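Chemist: Okay, handing you the structure first.
The values are calculated or read from the model by the stated rules, or taken from the named source; none is laboratory data. Keep in mind that what you see is a predicted model, and the values were worked out from it rather than measured. In this analysis, Cβ positions are derived from the backbone assuming ideal geometry, glycine residues included, and neighbour counts consider all displayed protein chains. What goes into the accessible areas is simple: the full protein's heavy atoms, side chains included, and nothing from ligands, DNA or RNA. Shrake-Rupley method; radii C 1.70, N 1.55, O 1.52, S 1.80 Å.
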Amino acid sequence: MNLSTVYMSMKLRNPIIVASCGLTGTPEKVKACADAGAGAIVLKSIFEEQIEADLGNMAGDGAWYPEAVDYINSYGMQNAVSNYLELLEKSRNLTDIPIMPSIHCFGKGNWTDFAKQLESAGASAIELNAYILASDPRRTGRENENTILDIVSDIKSQISIPVAVKIGSHFSSISSFASELDGCGVDGIVLFNRFFRIDFDIENLAVVNGSMFSTPDETEQVLRWVSLISPVTSCDIAATTGIHDGEAVIKQLLAGANAVQVCSTLYNNGLGVIADMHGFVADWMNRHNYNSIEDFRERLSSRNSGNPAEFQRVQFMKASVKA
Ligand SMILES: Cc1cc2nc3c(=O)[nH]c(=O)nc-3n(C[C@H](O)[C@H](O)[C@H](O)COP(=O)(O)O)c2cc1C
């Protein structure tokens, strides 16, 4: 069965991309993901603070994102840039599937030169992990969005390989923002990043870590937005969050995604899940007489489903649940 797909002009042997996470943080782990059948791989993100510090542009004033501190503690500060380039180069040598570095960024800076180095080092594309927690009451949503659009425009002007932007779901108008990304020349949108969560320990009155991994039901909100956005953007779409099995992969492709990114299920169930997903998708395509993913991709997007209103329904006006 032909499972190939095209994502941001890259031909992938299948639509299962291993998302940026600890499973893509060393060349050996990248090779293991490729050997397990991944269609492409997004490397563990490097943080803007690291790049800036390594390039000598940033004083160590401690005003870093907490994620950057975590990262620096585990991966080290010294030679972050050269270590990351080495991760890319070694990964490239160990496999021939597309490898996409990921940069966590929240500001425009000299670090965009780093993107050029990644391009020269053989990156197939770059993913921008562009997340700003909108917790500052003095900053409007528009200001936060403009920050991301500025970064994207800047980076697009410096490199010629495809650029994807991975966003969270907290926008007042996701569809309009997706159109604006399209207008900046972005090649792909990754919907949606799942962020680190917090929880409360009510016995010790303490803030603790929330659930690190997604659950399958989280894929439903991604499904809605992929269905709504795919008709209004020319960007390719990679769906992520809550995709744990082959059925969820098919749903996202039907909604209009070109590919999916998976993480939690690989941590929980091992890399063998990738082959299980291939098997499920191939079997389903066989049963439905589809020869390629393009034969059915986007069949249930809001444009093609035959019932666009279904995607807009959010209120339980007519509840059919028996109390
Ligand atoms: C342990 C862990 C580390 C992650 N690190 C990154 C990262 O460095 N950059 C990034 O963009 N996303 C990161 N993510 C988010 C994943 O790439 C993915 O988007 C998210 O987990 C949703 O997919 P899932 O439901 O399949 O887990 C991480 C997730 C986990 C669980």
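Chemist: Check every one of the helices (runs of 4 or more DSSP H) wholly within the range 32-108 and list those with 1 or more residues that are modelled with pLDDT under 60 and either touching a strand residue (DSSP E or B) at 6+ places or on another chain (Cβ under 7 Å) or over 24 Å from I17 (Cβ atoms) (or both).
Modeler: 66-75
Chemist: Of the conditions (1) more than 20 Å from L191 (Cα to Cα); (2) touching a helix residue (DSSP H, G or I) at 6+ places or on another chain (Cβ under 7 Å); (3) free of Cβ contacts under 8 Å to residues at least 40 places away in the same chain; (4) within 16 Å of the ligand (Cβ to nearest atom), N269 fails just one. Which one is it?
Modeler: (2)
Chemist: Looking at G256, is it farther than 26 Å from G22 by Cβ and crowded, with 16+ Cβ neighbours inside 10 Å?
Modeler: yes
Chemist: Then there is this: Kindly list the number of the only condition in (1) at pLDDT 95 or above; (2) loosely packed, with under 12 Cβ neighbours inside 10 Å that fails for N209.
Modeler: If we test N209 against (1) at pLDDT 95 or above; (2) loosely packed, with under 12 Cβ neighbours inside 10 Å, just (1) comes out false.
Chemist: Kindly establish whether T95 is away from the ligand (no atom under 16 Å from the Cβ) and open to solvent by less than 10 Å² (accessible area, probe 1.4 Å).
Modeler: no
This table checks each residue for (1) hydroxyl-bearing (S, T, Y); (2) surrounded by fewer than 24 Cβ atoms within 10 Å (Cβ to Cβ); (3) away from the ligand (no atom under 16 Å from the Cβ).
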site	(1), (2), (3)
L3	no, yes, yes
C21	no, yes, no
T26	yes, yes, no
A38	no, no, no
E49	no, no, no
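Chemist: Counting only residues that are touching a residue at least 12 places away in the same chain (Cβ under 8 Å) and open to solvent by 30 Å² or more (accessible area, probe 1.4 Å), which one in the range 170-184 is nearest to the ligand (Cβ to nearest atom)?
Modeler: H170
Chemist: Could we say that I202 is away from the ligand (no atom under 16 Å from the Cβ) and open to solvent by 80 Å² or more (accessible area, probe 1.4 Å) here?
Modeler: yes
Chemist: Quick one: in the range 210-230, which of the residues that are in contact with an Asp or Glu (Cβ under 8 Å, 6 or more places away or on another chain) and either away from the ligand (no atom under 14 Å from the Cβ) or part of a helix (DSSP H, G or I) (or both) is nearest to S9 (Cα to Cα)?
Modeler: Applying the filter and picking the extreme gives S230.
Chemist: Would you be able to say whether some residue in the range 260-281 is open to solvent by 10 Å² or more (accessible area, probe 1.4 Å) and of a type in the set (V, I, T)?
Modeler: Looking for residues that are open to solvent by 10 Å² or more (accessible area, probe 1.4 Å) and of a type in the set (V, I, T), one finds at least one in the range 260-281, hence yes.
Chemist: Would you point out the residue of the range 236-247, among those that are out of contact with any Lys or Arg (no Cβ under 7 Å at 6 or more places or on another chain) and open to solvent by 10 Å² or more (accessible area, probe 1.4 Å), that is nearest to the ligand (Cβ to nearest atom)?
Modeler: The residue in question is T240.
Chemist: Looking at (1) open to solvent by 50 Å² or more (accessible area, probe 1.4 Å); (2) closer than 25 Å to T24 by Cα, can you tell me which one V222 breaks?
Modeler: Unmet condition: (1).
Chemist: Still on this structure, please answer the following. Within the range 119-155, which residues are surrounded by 18 or more Cβ atoms within 10 Å (Cβ to Cβ) and charged (D, E, K, R)?
Modeler: Listed by number, the residues that qualify are E127, E145.
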